[in-house]
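What follows is a set of notes on a single structure, which appears directly below.
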2 protein chains.
Amino acid sequence: MSFAVTILGSSSAKPTADRHPSAQVVNVHEQHYLVDAGEGVQQQMIRAGINPLKLRAVFISHLHGDHVYGLFPLISTLGLYGRRTPLPVYAPAPLGEMLEAHMRYFDTDLPYEVEWHEVRTTEHALLLGNRTLEVWSVPLRHRIPTAGFLFREKKPPLNADKFKITKYGLTIAQIAAAKRGEDVLLDTGEVLPNDEVAYEPYAPRSYAYLSDTAYSAKAAELVRGADLLYHEATYAAAERKTARQRGHSTTEEAAKAALRAGAKRLIIGHYSSRYKDERVLVEEARTLFPETYPATERSTFTIEKQRPEKTNRNAPTKTER
Amino acid sequence: MSFAVTILGSSSAKPTADRHPSAQVVNVHEQHYLVDAGEGVQQQMIRAGINPLKLRAVFISHLHGDHVYGLFPLISTLGLYGRRTPLPVYAPAPLGEMLEAHMRYFDTDLPYEVEWHEVRTTEHALLLGNRTLEVWSVPLRHRIPTAGFLFREKKPPLNADKFKITKYGLTIAQIAAAKRGEDVLLDTGEVLPNDEVAYEPYAPRSYAYLSDTAYSAKAAELVRGADLLYHEATYAAAERKTARQRGHSTTEEAAKAALRAGAKRLIIGHYSSRYKDERVLVEEARTLFPETYPATERSTFTIEKQRPEKTNRNAPTKTER
């Protein structure tokens, strides 16, 4: 029941010898989702020990080259590996046209389908929902249409409290009712409220990816309560004007977004190539938001399971809306 | 007056953690030419200490993704670096169309021109000629239209023999005549044959790039006398059948091509991902052609200047045709 984010690229548009352009893999219960696909992403996945064949879907935030150039070679190589499962790609327009052009020139006999799903970058919409996960778009403020992504684990099934099962001698039918969230009618006629006999094993976890973007209070509100927030910090605080002109954020703005979102931890990245050592950026952000960490390539941030707050059990959790 | 080849990629279509897809930089008198542009080439250039802005031209052998996917991000980044000089790209069709598609989606405001020059892959033709260099296409045998490239240094200007200048008391006009290749008329009425007073300071050097290809005697003949020959060796000798089916070569076939061409040194590369250690491939090739070396990424092969053979001075050199 893992929930983890592996950083594959940390640079902005100009890569350096050590930093690759934007790409991450989000692992939710061993389902792998690629978020942005900068050049070299297929090799970075191999280096990080992530099998590219295992990708469940791809999410592209916007169509600047440093977020998407690695997608086309990845698509080709998955064909060479013999992938058969369709690959959904969630991205703004005109990715559909780009994929068509790509297929025309390079991958006419691909053994699997690439399915483009348009992300409308002005909407906070549910893009993908399955048994364990929802992925939502988050409108961002960049030079071209751009969306962030919010990965929210679904509430896990309720567990029945073993101590109570024994205490009341509950039958299989009564336990099943408790796990469905129902109150339990005992043979004595007494009714056990559901939250006395069943409990959420852990609180649903969430990860928000906000890049590329200028500071947006609205985006921060939309990812409220994220356990882990990735926010770009292309520039140091002193470069606020440059950041604004280019639709990017400073370290301070990333920290401000984390505060506004009430995030537990912040990862910053998408560093301009002018910063040889990202520690100066991390230190700046930490003055406002101490739980800031650098996007270091091939490092993994794990969100551990936590017990839900008891009082919240039957109410929507903090990250729900 | 350097003449050197730096390997930037050594893998075949599936990159590995350590091997990048095909790309090399040929440095002729500090003019840099990119040969093939697999994914990640811009980063590999930076790692090898080669300034991407210094590229004089690009040569693409064929339009399989592992030889060209790195071109598009490179074009974008050169724009970010502020390149103003046009970039000639020599490649088979339909690269022109691909570039148009690329410009439409990604680089509408590029500050320099990308000039596509079509390489006709069935012709042995002069593609580029300048003061110091000629680059020729070499038809190859692959699954799609493919050309290799022959880099041939032009004959350097003649030097005048200092000993003879003193001995005969030559004037500046007489020295200039000797350097132009003329015989020298002395004041005594005696005629000094040019090759007694002038000499070639070094023999023109040549490098041939033959990839991707099945064994081709014709291609080997066309690059006859190459000081350095890169020939793909995707497979070990035992995989001859697979190699043939896929339009590739084995180690033995690469060595055979080097023998046929009378090359001085052979580099093999484009290794299939099944070979974790390329030494087995190099050893196989060496049994036939001892001067075989592996394409190791970021390694440089320098062709040192050599005195021309005296008897050949006024005749075409071996690599000329």
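The values are calculated or read from the model by the stated rules, or taken from the named source; none is laboratory data. The structure presented is a predicted model; accordingly, all values stated were derived computationally and were not measured. Cβ sites come from the backbone with ideal geometry, for glycine too, and all protein chains shown count toward neighbours. Accessible surface areas use protein heavy atoms only, side chains included; no ligands, DNA or RNA. Shrake-Rupley method; radii C 1.70, N 1.55, O 1.52, S 1.80 Å.
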Requested in this report: Starting from segment B:212-241, take each residue that is open to solvent by 20 Å² or more (accessible area, probe 1.4 Å) and assigned to a helix (DSSP H, G or I) and list its partners that are modelled with pLDDT of 95 or more and among the charged types (D, E, K, R), counting only C-beta distances under 8 angstrom and pairs at least six apart or across chains.
Outcome: B:Ala217/B:Arg260; B:Glu221/B:Arg260; B:Ala237/B:Glu252; B:Ala237/B:Glu284; B:Arg240/B:Glu252; B:Arg240/B:Glu253
**Report entry** In segment A:4-36, the residues that are out of contact with any Lys or Arg (no Cβ under 8 Å at 6 or more places or on another chain), among the small types (Gly, Ala, Ser) and over 23 Å from B:Gly82 (Cβ atoms)
**Finding:** A:Ala4, A:Ala23
Query raised in the report: Which residues, taken from segment B:97-135, are under 20 Å from the mean Cα position of the chain (by Cα) and closer than 30 Å to B:Thr242 by Cβ?
Result: B:Val119, B:Arg120, B:Thr121, B:Thr122, B:Glu123, B:His124
Report summary line: Of (1) at pLDDT 95 or above; (2) not in a strand (DSSP E or B), A:Pro156 satisfies every one except (1)
Query raised in the report: Taking segment B:293-307, which residues are open to solvent by less than 70 Å² (accessible area, probe 1.4 Å) and charged (D, E, K, R)?
Result: B:Glu297
Report summary line: Scanning segment A:97-108 for residues that are among the aliphatic types (A, V, I, L, M) and crowded, with 18+ Cβ neighbours inside 10 Å, the one farthest from the other protein chains (Cβ to nearest Cβ) turns out to be A:Leu99
Requested in this report: Search segment A:141-159 for residues being in contact with a Ser or Thr (Cβ under 6 Å, 6 or more places away or on another chain) and closer than 22 Å to A:Ile303 by Cβ, and hand back the single one that is least open to solvent (accessible area, probe 1.4 Å).
Outcome: A:Ala147
Query raised in the report: For B:Glu253, are the conditions met, namely being of a type in the set (Asp, Glu), closer than 25 Å to B:Ala4 by Cα and open to solvent by less than 80 Å² (accessible area, probe 1.4 Å)?
Result: yes
Requested in this report: Answer yes or no as to whether B:Glu134 is within 14 Å of another protein chain (Cβ to nearest Cβ), of a type in the set (Asp, Glu) and without any contact (Cβ under 8 Å) to a residue 24 or more places away in the chain.
Outcome: no
Query raised in the report: Hey, any hits in segment B:116-127 for a residue that's of a type in the set (Asp, Glu) and open to solvent by 70 Å² or more (accessible area, probe 1.4 Å)?
Result: yes
**Report entry** Residues located in segment A:35-54, provided they are free of Cβ contacts under 8 Å to residues at least 40 places away in the same chain and touching a helix residue (DSSP H, G or I) at 6+ places or on another chain (Cβ under 8 Å)
**Finding:** A:Ala37, A:Gly38, A:Glu39, A:Gly40, A:Val41, A:Gln42, A:Met45, A:Ile46, A:Asn51, A:Pro52, A:Leu53
Report summary line: Those residues of segment A:252-293 which are assigned to a helix (DSSP H, G or I) and touching a residue at least 40 places away in the same chain (Cβ under 8 Å) amount to A:Lys256, A:Ala257, A:Arg260, A:Ala261, A:Val280, A:Leu281, A:Glu284, A:Ala285
Query raised in the report: Restricting attention to segment A:106-153, which residues are assigned to a strand (DSSP E or B) and among the small types (Gly, Ala, Ser)?
Result: A:Gly129, A:Ser137, A:Ala147, A:Gly148
Query raised in the report: Looking at segment B:175-198, which of its residues are in contact (Cβ under 8 Å) with a residue 12 or more places away in the chain and in a helix (DSSP H, G or I)?
Result: B:Ile175, B:Ala178, B:Lys179, B:Asn194, B:Asp195, B:Glu196, B:Val197
Query - From B:Pro111, B:Pro94, residue being within 13 Å of another protein chain (Cβ to nearest Cβ) and surrounded by fewer than 16 Cβ atoms within 10 Å (Cβ to Cβ) - result: B:Pro94
